[in-house]
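Structure, as structure tokens:
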Amino acid sequence: MKIAVLAVQGAFEEHEKVLHKLGTETLQLRKSSDLDNDFDGLILPGGESTVQGKLLQELGMMAAIHDRIMNGLPVLATCAGLILLAEKIIGEDAHHIGTLPVTVKRNAYGRQLGSFHYESGFFQGIGTFPMEFIRAPYIENISDGVEILATVEGHIVGVQYQNQLAVAFHPELGGDRRIHMYFLEQMVTKNPC
């Protein structure tokens, strides 16, 4: 099994470390030709969604990633990755990849000072899970077919829609690998594209 990790900006190395500890091979996506390689799943990491979106467009990767996801490629998106996937972003006319039928609020908890750790978050199918929120978004609205997997203080922070798993927090930072394991076992292994 090989998982591609978008590596144009953001916390991609942290995701790679988790995947390597789980015995999974990784591939960094840095340019459009990297998408010519075979891989079984994709991680869109946290970072700066505006920068990542701009780079995906400039590097000619946006349409190819969109098409792969629409054709069933399993994807795990964290924080900025959630914003990249969202069909709608509050206060903005455009979206990025736009394959996930949700509306997100960017920097929903405020800027850097609004970052926080939530120890007792509950994640459907996993249980209690520590959640690191860093300039995090949350999901304000979902469309039919989107399953809510996690909420914090009344806000949606984790969803699954078909082959897409998206969270507003950073599961790669806390040392708990269960969300990555869920992605690999429940989505990649059971739903190869």
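If you filter segment 40-99 down to residues that are of a type in the set (D, E, K, R) and part of a loop (DSSP other than H, G, I, E, B), you find that the one that is surrounded by the fewest Cβ atoms within 10 Å (Cβ to Cβ) is Asp93.
The rows are residues; the columns are (1) touching a Leu at 6+ places or on another chain (Cβ under 9 Å); (2) more than 23 Å from Thr26 (Cβ to Cβ).
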{"residue": "Val51", "(1), (2)": "no, no"}
{"residue": "Ile69", "(1), (2)": "yes, no"}
{"residue": "Lys88", "(1), (2)": "no, yes"}
{"residue": "Pro101", "(1), (2)": "no, yes"}
{"residue": "Ser120", "(1), (2)": "no, yes"}
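Right, Leu165: under 17 Å from the mean Cα position of the chain (by Cα), surrounded by 22 or more Cβ atoms within 10 Å (Cβ to Cβ) and of a type outside the set (Val, Ile, Thr) or not?
Details: under 17 Å from the mean Cα position of the chain (by Cα): yes; surrounded by 22 or more Cβ atoms within 10 Å (Cβ to Cβ): yes; of a type outside the set (Val, Ile, Thr): yes.
So Leu165 passes the test.
With the structure loaded, tell me whether Leu59 is more than 19 Å from Asn163 (Cβ to Cβ) and not polar (S, T, N, Q) or whether it fails that test. Taking the combined requirement at face value, the residue satisfies it. Can you say whether Gly158 is in contact (Cβ under 8 Å) with a residue 24 or more places away in the chain and in a loop (DSSP other than H, G, I, E, B), as far as the supplied structure shows? In short, no. Looking at segment 1-34, which of the residues that are surrounded by fewer than 19 Cβ atoms within 10 Å (Cβ to Cβ), modelled with pLDDT of 95 or more and among the hydrophobic types (A, V, I, L, M, F, W, C) is farthest from Phe183 (Cα to Cα)? Per the stated criteria, the residue is Leu27. For segment 168-193, a residue qualifies if it is under 15 Å from the mean Cα position of the chain (by Cα) and closer than 16 Å to Cys79 by Cβ, and the qualifying residues are Ala168, Phe169, His170, Pro171, Glu172, Leu173, Ile179, His180, Phe183. Inclusion of Val157 among residues that are surrounded by fewer than 20 Cβ atoms within 10 Å (Cβ to Cβ), at pLDDT 95 or above and touching a Phe, Trp or Tyr at 6+ places or on another chain (Cβ under 6 Å) is not warranted. Annotation for segment 2-24: no member residue is touching a strand residue (DSSP E or B) at 6+ places or on another chain (Cβ under 7 Å), acidic (Asp, Glu) and either outside any helix (DSSP H, G or I) or on the phi > 0 side of the Ramachandran plot (or both).
Residues that are at pLDDT below 90 and touching a Gly at 6+ places or on another chain (Cβ under 6 Å) within segment 104-153 are absent altogether. Under the condition of being in contact (Cβ under 8 Å) with a residue 60 or more places away in the chain and in contact with a Pro (Cβ under 8 Å, 6 or more places away or on another chain), which residue from segment 19-48 is farthest from Pro74 (Cα to Cα)? Residue satisfying both the conditions and the ranking: Asp40. Considering each residue of segment 81-103 in turn, none proves to be in contact (Cβ under 8 Å) with a residue 60 or more places away in the chain, over 24 Å from Ala64 (Cβ atoms) and in contact with a strand residue (DSSP E or B) (Cβ under 7 Å, 6 or more places away or on another chain).
The values are calculated or read from the model by the stated rules, or taken from the named source; none is laboratory data. For clarity, every value in this text was computed on a predicted model and none was experimentally measured. Don't worry about glycine lacking a Cβ; one is built from the backbone with ideal geometry, like all the others, and counts go over all protein chains shown.
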